[in-house]
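> Questions regarding the structure given below will be posed in turn.
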Amino acid sequence: MAKRTKIHKVIGAKEMIGNSLKEKRISMGYSIADAAELTDFSKSTIINIEKGIATNLDYYIAYAQALNFKLDKLFDIEVEYKPRFELPENKKNRIFLSRKIKILFNEEDFFSNDVSVNDIITRLEEKKEVKRSKKLSTDVSRILLNWVEDGTIYIVEKKGRNNIYRKIKSK
């Protein structure tokens with residue numbers, strides 16, 4: 001059986017958006033019936049949008065379009081911007097490492113020639129960014145394989161269990 005995704009709510013966000021739409025409608029002199037006619041939604045849907053209980057974002061956007069309410073103004077609401085959960089330490093370390101490799105990629109054009117995991121680790125050691133370990137080699141490999149998947153680099157060749165990577169040239 002498929003795993004059900006939990007629905008996440010940003011407390012108060014839809015209510016604030018709905019209230020903004022209601023205020024805009026009233027300021028334009030429209031009744032709920034007028035808004036329903038402008039959108040081809042039922043009156044109960046308009047009421048649900050304005051109360052912030054409509055579940056589909058498309059309803060809010062379509063209503064805003066009908067009122068000529070620019071989305072940047074509509075979504076200018078007070079919400080706390082932060083992740084719902086903290087990343088585990090090992091993932092934070094991988095992101096740190098990924099950013100260091102990205103600097104080699106962007107600023108040093110390190111991937112314009114054939115590059116191995118060992119070449120990357122050696123360069124990062126020279127810059128005093130990392131200390132060599134078995135885990136480091138595995139982490140760098142994972143990062144590079146993700147980049148291959150993303151289409152940023154490709155595997156030029158395999159030498160035993162080691163891959164050789166290169167930057168994909170932009171067209």
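> For segment 142-163, give me each residue that is of a type in the set (Gly, Ala, Ser) and over 20 Å from residue 112 (Cβ atoms).
Passing the criteria: only 160.
> Here is a further query. How many residues, within segment 21-33, are in contact (Cβ under 8 Å) with a residue 12 or more places away in the chain, over 14 Å from residue 53 (Cα atoms) and of a type outside the set (D, E, K, R)?
The qualifying residues number 3.
> From 88, 83, grab the single residue that is under 20 Å from the mean Cα position of the chain (by Cα) and closer than 30 Å to residue 57 by Cα. Working first, answer last.
Values: 88 fails: closer than 30 Å to residue 57 by Cα.
Criteria check complete, one pass: 83.
Matching residues to (1) touching a Lys or Arg at 6+ places or on another chain (Cβ under 8 Å); (2) among the polar types (S, T, N, Q); (3) farther than 24 Å from residue 81 by Cβ:
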position	(1), (2), (3)
19	no, yes, no
26	no, no, yes
35	yes, no, yes
41	no, no, yes
47	no, no, yes
50	yes, no, yes
55	no, yes, no
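> In segment 56-107, which residue that is over 30 Å from residue 139 (Cα atoms) and charged (D, E, K, R) is modelled with the lowest pLDDT?
Residue satisfying both the conditions and the ranking: 80.
> Kindly indicate which of 44, 31, 20 is surrounded by 13 or more Cβ atoms within 10 Å (Cβ to Cβ) and of a type in the set (Ser, Thr, Tyr).
Every option except 20 fails the conditions.
> Got a sec? Which of 127, 51, 82 is surrounded by fewer than 17 Cβ atoms within 10 Å (Cβ to Cβ) and touching a Gly at 6+ places or on another chain (Cβ under 8 Å)? Give the derivation first.
Numbers: 127 fails: touching a Gly at 6+ places or on another chain (Cβ under 8 Å); 82 fails: touching a Gly at 6+ places or on another chain (Cβ under 8 Å).
Within the list 127, 51, 82, the selection yields 51.
> Let me ask something else. Inside segment 95-123, can you point out the residues that are under 25 Å from the mean Cα position of the chain (by Cα) and not hydrophobic (A, V, I, L, M, F, W, C)?
First, the residues of segment 95-123 that are under 25 Å from the mean Cα position of the chain (by Cα): 95-107.
Listed by number, the residues that qualify are 98, 99, 100, 102, 106, 107.
The values are calculated or read from the model by the stated rules, or taken from the named source; none is laboratory data. Here the structure is a predicted model, which is why all the values come from computation and not from measurement. Don't worry about glycine lacking a Cβ; one is built from the backbone with ideal geometry, like all the others, and counts go over all protein chains shown.
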